[in-house]
Structure formats: structure tokens, C-alpha cells
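Coordinate-derived values only; no laboratory data. Given the structure is predicted, the values throughout are model-derived calculations rather than measurements. Using ideal geometry, Cβ is built from the backbone for each residue, glycine included, and neighbour counts are taken over all protein chains shown.
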Amino acid sequence: MTKVLVVYGSRHGATRGIAERIGDVLRTEGLDADVAAADQVRDVRTADAFVVGSGVYMGSWLKEAIDFITKNQASLASRPLWLFSSGPLPGSSASKSADDPLADALGPEEGPGSGGRKKIAELSAVTHPRDHRVFLGAFDPNDAPRAMSERLVRMMPASKDLLPPGDFRDWEAIEAWAREIATTLRSPFEVVG
Ligand SMILES: Cc1cc2nc3c(=O)[nH]c(=O)nc-3n(C[C@H](O)[C@H](O)[C@H](O)COP(=O)(O)O)c2cc1C
């Protein structure tokens, strides 16, 4: 059976929830799926395909998710790979573009604020993901900040406009995407394993 490894970087759990839902759908669709935190994956050799996602903070993926791709880029490049970002909070004053979801999450392709996006572009150029989907995220202001940068942003007077509270994860869109992945992997024209 085709085995998919779903790997996530998550600071507050929203991305973990998305990864778990993707794993559930893949299993329902008849595939074998393991879901693991990016810094907990020890061996990628048994996986036939990968889905890798991260929460986005200040325009960048979390370090553990970037490190996972960097460390395993040869394996990821040789098998089907899908990426997702869990980011934008609707109504955030940080939203950058209505028609470019990647810009909305990771910022512009060039110029100031493009570092996080360039890093993903660089890793994508080596690993050739089939798709990079951006899903709306979640922000709970009662969940304590877990990084100094996050503490600082939350202290800014404009933070209420930057970080609208709520769980905006679009489960329908997430499940539909996971079903698309399953359909691709079940295709007789797809050589996996
Ligand atoms: C301090 C802070 C900075 C954020 N920066 C971004 C950002 O640059 N782009 C974006 O799309 N989302 C941003 N977000 C929203 C998070 O990516 C979103 O809440 C995500 O779902 C969190 O995932 P996690 O709970 O798995 O860590 C930010 C959230 C916080 C708290």
C-alpha cells in the first residue's frame, strides 16, 4: 500500500490539526498515512510520498519544517511531494494580496520581506512539489507566545489588526485537497513505491 508521510511544523497546534486531518482523509481514501512533527521524523526511507506543511510566522516557515526539507531534500525530490502553509488570518492588516495566496502568507517574491518566501522557493526548486497550497490558520490570543519574536509582535499596539483571533481553518478546502492528493497517488499513471 502506498505510504504517505505527512510532516508538519506547528507552534500552537493549528498546523498539526491540518496535518492530522489530511492524514485522516488519506487513510479514508485507502492510503497508508503517518503524521509526524518535523523534528520527530527519524527515517523517511519507508515513505512513498510526502506532504509537508508549516505554520507561517513573520513571513517564514518554522525552522523545524525548513530543516526537515533541507535535510531530506534528495528523498523528497525523488518522490511525489506536496507543500502547504497554514497562515493568513482573514482581515489581518498584514494581508498582502487577494489573488496570490503565497504572497498573502509568505510575502512578496522580491524586495523587503521576501526572505521567507525566497527560502521556500529555493527548497521548491530542488524538491519539485506538485503543489503548494495556502490554508487559512488559527490564532488564540489566550495561548501564551512561544517565541520572543511572537511576544514582541503581540505587544505592538497594532497587533489586534495584525492578528485577528479565531479558528479560520477551512476543513472543506483541506479535505478536498487531501482527496486530490489521494486521487493522484492512486492513479495508474503515477509510479510510487
Ligand atoms: C506572531 C505571529 C505572526 C504571524 N505571522 C504570519 C505571517 O507572516 N503570515 C501568515 O500567513 N500568518 C501569520 N501568522 C498566523 C499563523 O501562521 C497562523 O495562526 C497559523 O495557523 C499558526 O499555526 P500553528 O498554530 O500551527 O503554529 C502569525 C501569527 C502570529 C501569532
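When you check V52 against the structure, is it within 30 Å of L162 (Cα to Cα), surrounded by 21 or more Cβ atoms within 10 Å (Cβ to Cβ), touching a Leu at 6+ places or on another chain (Cβ under 8 Å) and of a type in the set (V, I, T), yes or no?
When the stated conditions are applied, V52 passes them.
Cβ-Cβ below 8 Å, separation at least six or inter-chain, first residue in the stretch 1-22 and at positive phi, second of a type in the set (K, R): which pairs?
Within 8 Å, no pair qualifies.
How many residues are more than 10 Å from the ligand (Cβ to nearest atom) and in a helix (DSSP H, G or I) if we restrict to the stretch 120-177?
Residues in the stretch 120-177 being more than 10 Å from the ligand (Cβ to nearest atom) and in a helix (DSSP H, G or I): 19 in total.
Go through (1) part of a loop (DSSP other than H, G, I, E, B); (2) over 17 Å from R169 (Cβ atoms); (3) within 15 Å of the ligand (Cβ to nearest atom) one by one and return the number of the condition G30 breaks.
The number of the failed condition is (3).
If a residue must be small (G, A, S), in contact with a Gly (Cβ under 7 Å, 6 or more places away or on another chain) and within 23 Å of T183 (Cα to Cα), how many such residues does the stretch 1-53 contain?
2
For the stretch 88-104, indicate whether the set of residues that are part of a strand (DSSP E or B), touching a Gly at 6+ places or on another chain (Cβ under 9 Å) and either within 16 Å of the ligand (Cβ to nearest atom) or aromatic (F, W, Y) (or both) is non-empty.
No - not one qualifying residue is present in the stretch 88-104.
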